[in-house]
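Heads up, the thing below is written out as structure tokens.
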Amino acid sequence: MNFISNQLDIRVLNDVSSPHPCIYFQFKGKFTEQASIAGCRTWSTEMDAKPSEAFEMVWDCRSMEGFELNARKEWYN
């Protein structure tokens, strides 16, 4: 799975040192509601396809400059 946008990149990383795939989220600039909806759809589809598999998640917010409140609400849902 790869999702690339101006506000969010999502990649699955398979590190040989971990028994589980890692979903790496890189937030960039201002996180918008539109980016949240598209990103949530992408990673929930990946997780739904493999319901019994464990994932590690990395949330890289170093390049995030803020977020829309509706983006945050959508992400939490």
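Odds and ends about this structure:
- Counting only strands (runs of 3 or more DSSP E) that sit wholly inside the range 1-63, not one has at least 2 residues that are out of contact with any strand residue (DSSP E or B) (no Cβ under 7 Å at 6 or more places or on another chain), hydrophobic (A, V, I, L, M, F, W, C) and on the phi > 0 side of the Ramachandran plot.
- Number of residues in the range 4-39 that are open to solvent by less than 60 Å² (accessible area, probe 1.4 Å) and either under 17 Å from Phe67 (Cβ atoms) or polar (S, T, N, Q) (or both): the value is 18.
- Pair list, Cβ under 8 Å, 6 or more apart: the range 40-52 residue surrounded by 14 or more Cβ atoms within 10 Å (Cβ to Cβ), other residue assigned to a helix (DSSP H, G or I): Cys40/Glu74; Cys40/Trp75
- Test: Arg72 is modelled with pLDDT of 95 or more, charged (D, E, K, R), out of contact with any Cys (no Cβ under 7 Å at 6 or more places or on another chain) and surrounded by fewer than 14 Cβ atoms within 10 Å (Cβ to Cβ): no
- Failed item in (1) open to solvent by less than 80 Å² (accessible area, probe 1.4 Å); (2) out of contact with any Leu (no Cβ under 9 Å at 6 or more places or on another chain); (3) modelled with pLDDT of 95 or more, with Glu65 passing the rest: (1)
The values are calculated or read from the model by the stated rules, or taken from the named source; none is laboratory data. Predicted, not measured: the structure shown is a model, and the values here were computed from it. Note: ideal-geometry Cβ built from the backbone for every residue, glycine included; neighbour counts use all protein chains shown. Keep in mind that these areas ignore ligands, DNA and RNA; they rest on the heavy atoms of the full protein, side chains included. Shrake-Rupley method; radii C 1.70, N 1.55, O 1.52, S 1.80 Å.
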